[in-house]
Amino acid sequence: MSSEFDAIFLANSEYVKGYKSSGLTGRAAKGLAIVTCMDSRIDPLRIVGMSAGDVKILRNAGARVTDDVLRTLLLATYLLEVKRVLVMPHTDCRMASGTEEQIHQALFDASGIDTRSIEIRTVTDQVAALKEDVASIQNYPLLPKDLEVVGAIFDVKTGELRKVL
């Protein structure tokens, strides 16, 4: 194991010393799920003024609504009290900085691995992609018909969450 992992487990042992169970359940206390990007500049709970236990957070590259996101929302809505979904991509996203072909080339240049057999799901128009992703949730036949879905773009420079639809 690398020393970087050693540091993580050492930090966790310090965390454990002061840890107190919150007593929270796995349910979304505020009935919200957020689909957002894996970008480490995004702090979803603080952005929407909520706390641990309030929200289910689903993260992936580009905040795209994939089959796995739909599967997770299915579980969250029926078993974990999610009633609302916020789809929240952000500005300055690497997945919105090039075409599918360009990202595959960048991956090849960085690794020597040909990734063209997988869909990266880049976007050239974030608003159009956001509308498509919101519609994917709204039209997914297994999700509750009364599930509220909103799309908004988070600005990583200003902190503003701009509602798109």
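Just so you know, all these numbers are worked out from the coordinates, no wet-lab data involved. Nothing here was measured: the structure is a model prediction, and the numbers come from that model. Every residue, glycine as well, gets a Cβ built from its backbone with ideal geometry; the counts of neighbours run over all protein chains shown.
What does the net charge come to around Val69 if you take all other residues with beta carbon closer than 12 Å to its beta carbon, with K and R at +1 and D and E at -1? Mind showing how you got there, number by number?
Details: positive: Lys56, Arg59, Arg64, Arg71, Arg121; negative: Asp67, Asp68, Asp133.
Result for the neighbourhood of Val69: +2.
Within the chain, DSSP assigns beta bridges of which about 15% are antiparallel (rounded to the nearest 5). Between the C-alpha center of the range 1-15 and that of the range 71-98 there is a gap of 30 Å. Under the simplified labelling scheme, the Ala110-Lys20 pair shows an inter-label distance of 4.1 nm, with each label point 7 Å from Cα along Cα→Cβ.
One chain, two ends: Glu101 and Lys145. Fully extended at 0.36 nm per residue, the span grows by 12.2 nm beyond their Cα-Cα distance. Taking 15 Å as the straight-line reach from the Cα of Lys131, the aspartates and glutamates in range (excluding those fewer than 8 positions away in the same chain) are Glu148. Mean separation of Cα pairs under 8 Å and 6 or more residues apart, divided by the residue count, gives the chain a relative contact order of 22 percent.
What is the sum of charges, Lys and Arg at +1 and Asp and Glu at -1, for the other residues whose Cβ falls under 11 Å from the Cβ of Cys37? Numbers along the way, then the final one.
Working: positive: Arg41, Arg59, Arg64, Arg94; negative: Asp39, Asp92.
Spelling it out: positives minus negatives among the neighbours equals +2.
Placing dummy labels 7 Å off each Cα toward the beta-carbon, the span from Ser40 to Ile57 is 1.4 nm. Size descriptor for the range 80-142, Kirkwood hydrodynamic radius: 13.7 Å (Cα pairs only, one decimal).
For the range 18-68, what does the relative contact order come out to in percent, with C-alpha contacts under 8 Å and a separation of six or more? Write out the running numbers ahead of the final one.
Details: 58 pairs, mean separation 23.0, N = 51.
For the range 18-68, the relative contact order is 45 percent.
Computed extension length for Ile118-Val156: 10.9 nm, one decimal, from 0.36 nm per residue of separation with the Cα-Cα distance subtracted.
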